[in-house]
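Quick notes on the structure that follows.
Taken together, the values in this text are just the output of simple stated rules run on the coordinates, not laboratory data. Quantities reported herein were computed from a predicted structural model and do not represent experimental measurements. Don't worry about glycine lacking a Cβ; one is built from the backbone with ideal geometry, like all the others, and counts go over all protein chains shown.
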Amino acid sequence: MSNEQILKDAQQHSDWIINLRRTLHKHPELMYEEVKTSQLVRDTLDELGISYQSGLAETGVLASIGSGDGPCVGLRADMDALPIHEETDVPFRSEVDGKMRACGHDCHTAMLLGAARLLKEREADIKGTVKLLFQPAEEGGAGGKRMSDEGALDNPNVERIFGLHVWPQLPSGSIGSRMGTFLAAAGEFDIIVKGKGGHAAFPHFTVDPVTTSAKVITDLQTIVSRETDPLNSSIISVTKVHAGEAYNVIPESVHMAGTIRALTMDHFNWLQKRITEAATHIAAASNCEAEVKFPGNAYPPTINDGELWGRVQDFAEPLIGGDNIHEIEAVMGGEDFAFYTERIPGVFVALGIRNEELGTIHSVHNPLFKVDESVLSLGSALHVSFAFDALNG
Ligand code: NI
C-alpha cells in the first residue's frame, strides 16, 4: 500500500485526531499524574479493538498491533503537561489553572492514536508487530527511562523507534531532523554555599555566603567560555539564587540551582565534575563550604540513526515534497526519547506547526503556545509510514 494512501486516510480522520487533541488540551496533567490522559488513551484503544498493557511507568500504556512476534517497530508519544498558566485565546484552552499542555504532548498523543487507528485498519498487512508507547513524564521525570526499564522495548524486541515533536520554528507541514546528535544531554544542579550569618553592619563577625556565591556564579560561567572547546556546545545556566530575607542580616547560606547541557555524556560528566570543583574550592577560599548535588534525572543526548533519518526522508518526500524536508541544527533542549535511542536505533523528527496567519508562532513552554492542528493527520501518517517502512519496506 502506498504512503500517499496512508496520508489520504489520515486526512479523512483529521477531525477525529483534532478532537482527541482538544480533549487532552483542556485537561492537562503533570508528570506521573496523567491518569485521565492514560484513561482516554485506553478507552480509545478499546474502541479500536487494540490490545495493550497499562500501568507501565505508573500511567504509561503500551499497545501492540500486528502478529505479536518480531520483527517489531516502536512508535512513541509523550503525555504530560507543564506547570504553566495558559494565556492563549483558543476555545479549548486549559481548564486547570496553572497547568498547560504547552509542549504539544497532547498533539503527540493524538497523532499516535490516529496512527493506531490507521494501523488497525491495515493490521493484516503488518509483517511483524508495531508497539505504540504512550509514555508519561517527559518533562524531567524520565518516563521514557521507566518505560524502557519496565520492558516496553522487550518481547518482542523493538528494533527501531520513531518519535515526533511539534516544532514552531518550522513551517506547517514540513519536517526536520538530522543524523547524529539532535538534542542535548540535560541535567540539573543544586549548590548550597554555607557561611556564618550575622548583623550586616558587622560583616567581619560573619562569613558572607552571598559574596562567595557571586564568585561561584561568575566562575561557573568560565567553565564553558574558557575551559571548553568553542566548537563543543555546552551550557551552564544558574537559574535560581535564594539568599536571605532581611535588609540588615547576612544569611547563613545561599541556595542556587540551574541546568547543564552538553552534546555528549562525556562532556556532561566533565561539566558536573568541574561545577563541583569550582564551587567547593571557591567556597573554601572564602572560608565557606559548598555542597553540590545533581538531583533529578540526567537525560542523555538524543542521537538519531542516520540510516533511519534517510529512510524517513525517502518516504516523506512524495508526501510533502523535498523542499519541506529540512536538515536542522542540533538544539540544546533535552528530550527523554534519548532513553530509547540509547538502547536501539531511532529517529526523532520535528514536525512544523508554524503558521503566521494562525498565530502558531510561539515557542514550546510558552503560555501563548499554539498549534496548527491541520498537520496532525500528517504526523499520524508519518508514524504509520515509518512502521511499514521498517517492517515491510
Ligand atoms: Ni516536549
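Results, tabulated for the structure shown:
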{"quantity": "Ascending count of other beta-carbon atoms within 10 Å, so fewest first, for H85, H165", "calculated": "H85, H165"}
{"quantity": "Rh by Kirkwood over Cα pairs, then Stokes-Einstein D for the range 243-330 at 0.890 mPa s and 25 °C, µm²/s", "calculated": "139"}
{"quantity": "Amide H contacts of G198 (H built 1.01 Å from N, under 5 Å, at least 5 apart or other chain)", "calculated": "I250"}
{"quantity": "Sorted by Cβ density within 10 Å, fewest first, the residues W16, W167", "calculated": "W16, W167"}
{"quantity": "Most mobile listed residue (R42, R122, R146) in the chain, GNM with C-alpha springs under 10 Å", "calculated": "R122"}
{"quantity": "Alpha-carbon centroid distance for the pair the range 36-51 / the range 332-365, whole angstrom", "calculated": "24"}
{"quantity": "Cross-link table K36/K131; K26/K131; K26/K127; K196/K240, entries beyond 29 Å C-alpha to C-alpha", "calculated": "K26/K127"}
{"quantity": "Placed amide H near A137: partners under 5 Å, 5+ positions off or other chain", "calculated": "Y32, M79, D80"}
{"quantity": "Nitroxide proxy distance, nm - points 7 Å out along Cα→Cβ at Q169 and T264", "calculated": "2.2"}
{"quantity": "The range 53-100 versus the range 373-393: alpha-carbon centroid distance in Å", "calculated": "17"}
{"quantity": "Calculated FRET efficiency for the pair K293/E245, C-beta based, R₀ 22 Å, to 0.05", "calculated": "0.40"}
{"quantity": "20 °C / 1.002 mPa s Stokes-Einstein diffusion coefficient of the chain, Kirkwood radius on C-alpha pairs, µm²/s", "calculated": "96"}
{"quantity": "Relative contact order of the range 185-293, pairs being alpha-carbon contacts under 8 Å that are 6 or more residues apart, as %", "calculated": "42"}
{"quantity": "Estimated distance in nm for a label pair at N232 and H204, the labels positioned 7 Å out from Cα along Cα-to-Cβ", "calculated": "4.6"}
{"quantity": "For the range 1-151, Kirkwood radius (reciprocal of mean inverse C-alpha pair distance, Å)", "calculated": "15.7"}
{"quantity": "Lys, Arg +1 and Asp, Glu -1 on Cβ, resulting dipole of the range 333-393 about Cα centre, debye, nearest 20", "calculated": "80"}
{"quantity": "At least 15 Å along the helix axis (C-alpha) and Kyte average at least 1.0, DSSP helices within the chain", "calculated": "376-392"}
{"quantity": "Residues with amide H under 5 Å from that of T264, placed H, sequence gap 5 or more", "calculated": "A185"}
{"quantity": "Sorted by Cβ density within 10 Å, fewest first, the residues L119, L231, L7", "calculated": "L231, L7, L119"}
{"quantity": "Whole-Hz couplings from phi, Karplus 6.51/-1.76/1.60, listed for the range 252-257; x for Gly and Pro", "calculated": "5, 8, 10, 10, 10, 8"}
{"quantity": "Space enclosed by the convex hull of the alpha-carbon atoms of the range 83-201, per residue, Å³", "calculated": "259"}
{"quantity": "Qualifying chymotrypsin sites (Phe, Trp or Tyr not before Pro) for the range 213-296 [loop in DSSP, other Cβ within 10 Å: at most 12]", "calculated": "Y247"}
{"quantity": "Pairwise Cα inverse-distance average, inverted: Kirkwood Rh of the range 185-293 (Å)", "calculated": "14.3"}
